[in-house]
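Quick notes on the structure that follows.
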Amino acid sequence: MTETIGSSIANLVDRALREDLGDNLSPEADITTRWTVAEDTPAQAHILARARGVVAGVDVAVAVFNRVDPSLMLHCHTVDGASVDADDTVMDISGSAAAILTGERTALNFLQQLSGVATLTRTYVEAISGTGAQITDTRKTVPGLRELQKHAVRCGGGISHRSGLHDAVLIKENHVTAAGSVTEAVRRARLGAQGSQRPVTRIMCEAEDLDQVRALVAGGPPLAPDRILLDNMPPELMHQCVSVVREVVPNIELEATGNIDLTTVRAAAETGVDVISVGALTHSAPALDLSLLFLT
């Protein structure tokens, strides 16, 4: 996990625990545990995978338990990006039974959600194996979890698109409408980059049809975007667009985007695009089934 993501875990963990424990983050707020489990009760527990998948979020789960009770003993059997089968142990936890119970749901929420993203990403990556294309995420992420979800995508073998509005230009349909045309939107973006402190900012632009693609490459490298997103195109049209771009400006990146799922991703990859973006990786990934169980 990168230093940037690592530095943000503490704040995320505190925010998540406040949903259960209130602003003072006191374990005493867990009245079910406080009223049913003696304070000095020891326990050993483990987190088990209930289904095959790819793990992500181990460090976050560890951070949750450490925040609840730093004296808990934690042993991780796997790392982010590793595959697990049903009944594999992800983590052992020992120490205060009360502390384990208080941190259980928050730790599992992170671990299950992020592992679900990694697992779904791996499924897409495997579906296009051998084509040369790569799977990438989008900005369709759970608010507050973008860095972690994008980390999970990378754990599954995908790559990350821009992090946000601040680090790359992505001209979409409404930008084109407001600017007047795809070429005018790209021209303005180039001028904006040249007049800023970031003249090498990457510029990407959506195209809805072959005419827009031709217009975007007609001016050659100085005016063309760095990446063209082929938006909501059937494979036949996508293949035509790839051919046109490769003839005129071979180095432009091409991305297939828009309503691509597991039934269509292979056909999109075989058109010759470089990248395929899938919003479902982060907005619709089912949680990986994981359980925390006490050992008897």
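The values are calculated or read from the model by the stated rules, or taken from the named source; none is laboratory data. Source: prediction; values computed, not measured. Cβ atoms come from the backbone with ideal geometry, glycine included; neighbour counts cover every protein chain shown. Accessible surface is based on the protein model in full, side chains and every heavy atom, while ligands, DNA and RNA are left aside. Shrake-Rupley method; radii C 1.70, N 1.55, O 1.52, S 1.80 Å.
Assorted remarks:
- Counting protein heavy atoms only, segment 157-296 has 53 percent of its accessible area on carbon and sulfur, 1.4 angstrom probe.
- Using only side-chain charges placed at the Cβ, +1 for Lys and Arg and -1 for Asp and Glu, the dipole size of the chain relative to its Cα centre rounds to 860 debye.
- At full extension, GLU270 and ARG246 could sit 7.2 nm farther apart than now, given 0.36 nm per residue minus the alpha carbon distance.
- Reduced Cα scattering model of segment 1-159, Debye log10 I(q)/I(0), q = 0.14 Å⁻¹: -0.72
- Dividing the convex hull volume of the alpha-carbon atoms in segment 1-76 by its residue count gives 130 Å³ per residue.
- Gain upon complete extension [VAL79, SER284; 0.36 nm per residue less C-alpha separation]: 71.5 nm
- Segment 15-163: relative contact order in percent, alpha carbon pairs under 8 Å with at least 6 residues between: 26
- For peptides 286-295, 26-35, sequence by mean Cβ density within 10 Å, most packed first: 286-295, 26-35
- Computed in the context of the full set of protein chains, the accessible area of segment 65-146 at 1.4 Å probe radius has 50% of its extent on carbon or sulfur.
- Positive-end extreme of charge dipole, the chain - chosen from LEU210, GLY157, THR123 (charges on Cβ): LEU210
- Fraction of the pair-distance distribution of the chain above 37 Å, Cα-Cα pairs, percent: 29
- In Hz, Karplus ³J(HN,Hα) per residue of segment 195-203 (6.51, -1.76, 1.60; θ = phi - 60°; x = Gly, Pro): x, 9, 7, 10, x, 9, 4, 5, 10
- Estimated purely from DSSP H runs of n ≥ 4, each contributing -39500 (n - 2.57), the mean residue ellipticity at 222 nm for the chain is -13500 deg cm²/dmol once divided by its residues.
- Where both bridge residues fall in the chain, DSSP classifies roughly 50% of the beta bridges as antiparallel.
- Normalised by residue number, the volume inside the convex hull of the Cα atoms of segment 216-296 is 129 Å³ per residue.
- In this structure segment 74-223 gives 46 Å² per residue of accessible area when probed at 1.4 Å with all protein chains present.
- Tilt relative to the chain, helix 146-155 - C-alpha long axis, 0 to 90 degrees, to 10: 90
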